[in-house]
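The values are calculated or read from the model by the stated rules, or taken from the named source; none is laboratory data. All values reported here derive from a predicted model rather than from experimental measurement. Backbone-built Cβ (ideal geometry, glycine too); neighbour counts: all protein chains shown. For the accessible areas, the whole protein counts, side chains as well, though only heavy atoms, and no ligand, DNA or RNA atoms are used. Shrake-Rupley method; radii C 1.70, N 1.55, O 1.52, S 1.80 Å.
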Number of protein chains: 2
Amino acid sequence: MAQDISSQVLKGILQGVILMILNKKAEYGYGLSQEMNRYGLSSVPKGTIYPLLTAMEKRGFITGKRKASTLGPTRKYYYITATGKQEKDRFIQEWSQLQKSVNTLIKEESHD
Amino acid sequence: MAQDISSQVLKGILQGVILMILNKKAEYGYGLSQEMNRYGLSSVPKGTIYPLLTAMEKRGFITGKRKASTLGPTRKYYYITATGKQEKDRFIQEWSQLQKSVNTLIKEESHD
DNA sequence: TAGACTAGTTTGCTTTACAAACTAGTCATT
DNA sequence: AATGACTAGTTTGTAAAGCAAACTAGTCTA
């Protein structure tokens, strides 16, 4: 398994990543965290993820609904909104632009 | 020209980008800012870039030397250190891992 | 009943981001 | 010689983020 991505680099894109996951299916904070691990996005601390989800709800990108679980405490599932989908698309565009810029820099340094 | 990258997304990688540019040649803050624009990395505010350069010098990644300019105030040129080169390589690895993870997510959503 | 795992909230500290104000140099107009 | 535009850097003050840690609380197994 590849090395973990430092929270430093992950910071800016965390919201975008969450929106992409929630666009596929509704998830709750704890599950989201595990889902990200599966994608190689190293464990985001709960002190970061839960407040971020709350902030994203305030911004109108997602909505949360509490649901009881048969195997633990109640979960708070988050659903992406129409605004959230727009924001997700905006993120994808920005990401592709960023990729281009950074990869150009990396390529230049390797064949100098 | 493509749309600008929000400071939000740029945040985590700003230090890595600066290290890559300084690895090619020494630069001063203002010139660095213009160089980044050329790579499509939208104008980083001076309130961010100058303090970051100072912090990077404290961390030992770069060293600054003042040099007079014939066409303006004195400039502070920054040179990458051996530690900085290590950090730069670490960044490149992390970046490639991040790219894999995020692109997997994007691909999945497009063919669902 | 104690420990492990799940699930979420809240608090408090530290770091970061950055607009804005300020100093200071050159150069072209007016 | 004064004004404005561009270059170049520092400092200050505020706001926002990140997150460890403490706390509550549910299930399940030993």
**Report entry** Residues within the stretch A:90-107 that are in contact with a helix residue (DSSP H, G or I) (Cβ under 9 Å, 6 or more places away or on another chain) and more than 7 Å from chain B (Cβ to nearest Cβ), tallied
**Finding:** 4
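Which one of A:56, A:36, A:20 is in contact (Cβ under 8 Å) with a residue 40 or more places away in the chain, hydrophobic (A, V, I, L, M, F, W, C), more than 9 Å from DNA strand C (Cβ to nearest atom) and closer than 23 Å to residue B:97 by Cβ?
Step by step, each of A:56, A:36, A:20 is checked, and only A:20 is in contact (Cβ under 8 Å) with a residue 40 or more places away in the chain, hydrophobic (A, V, I, L, M, F, W, C), more than 9 Å from DNA strand C (Cβ to nearest atom) and closer than 23 Å to residue B:97 by Cβ.
Yes or no: residue A:109 of a type in the set (Asp, Glu), within 30 Å of residue B:18 (Cβ to Cβ) and part of a helix (DSSP H, G or I)? Don't jump to the end; show me each part of the working.
Values: of a type in the set (Asp, Glu): yes; within 30 Å of residue B:18 (Cβ to Cβ): yes; part of a helix (DSSP H, G or I): yes.
Yes, satisfied.
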Query raised in the report: Has the stretch A:61-82 got at least one residue that is at pLDDT below 95, part of a helix (DSSP H, G or I), within 16 Å of DNA strand D (Cβ to nearest atom) and open to solvent by 50 Å² or more (accessible area, probe 1.4 Å)?
Result: no
Query raised in the report: Is there a residue being more than 10 Å from DNA strand D (Cβ to nearest atom), on the phi > 0 side of the Ramachandran plot and not basic (Lys, Arg) anywhere in the stretch B:29-42?
Result: yes
Report summary line: Expected output for the stretch B:68-80 (first residue within 14 Å of chain A (Cβ to nearest Cβ), partner more than 7 Å from DNA strand C (Cβ to nearest atom) and open to solvent by 40 Å² or more (accessible area, probe 1.4 Å), Cβ below 8 Å, 6+ apart or cross-chain) is B:80/B:23
Query raised in the report: What number of residues in the stretch B:1-14 are more than 8 Å from every other protein chain (Cβ to nearest Cβ) and either in contact with a helix residue (DSSP H, G or I) (Cβ under 6 Å, 6 or more places away or on another chain) or under 14 Å from residue A:102 (Cβ atoms) (or both)?
Result: 1
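Within the stretch A:59-73, track down each residue that is more than 22 Å from the chain's Cα centre (by Cα) and either within 7 Å of DNA strand C (Cβ to nearest atom) or of a type outside the set (Val, Ile, Thr) (or both). So that I can check it myself, show each step before the final result.
Residues of the stretch A:59-73 that are more than 22 Å from the chain's Cα centre (by Cα), as a first pass: A:68-73.
Across the stretch A:59-73, the qualifying residues are A:68, A:69, A:71, A:72, A:73.
Can you tell me how many residues within the stretch A:1-17 are buried (at least 18 other Cβ atoms within 10 Å of the Cβ), without any contact (Cβ under 8 Å) to a residue 40 or more places away in the chain and away from DNA strand C (no atom under 13 Å from the Cβ)?
3
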Query raised in the report: In the stretch A:25-58, what count of residues is obtained for those that are surrounded by 11 or more Cβ atoms within 10 Å (Cβ to Cβ), assigned to a loop (DSSP other than H, G, I, E, B) and touching a helix residue (DSSP H, G or I) at 6+ places or on another chain (Cβ under 8 Å)?
Result: 6
Requested in this report: Please enumerate the residues belonging to the stretch B:88-107 that are open to solvent by 30 Å² or more (accessible area, probe 1.4 Å) and touching a residue at least 24 places away in the same chain (Cβ under 8 Å).
Outcome: B:92
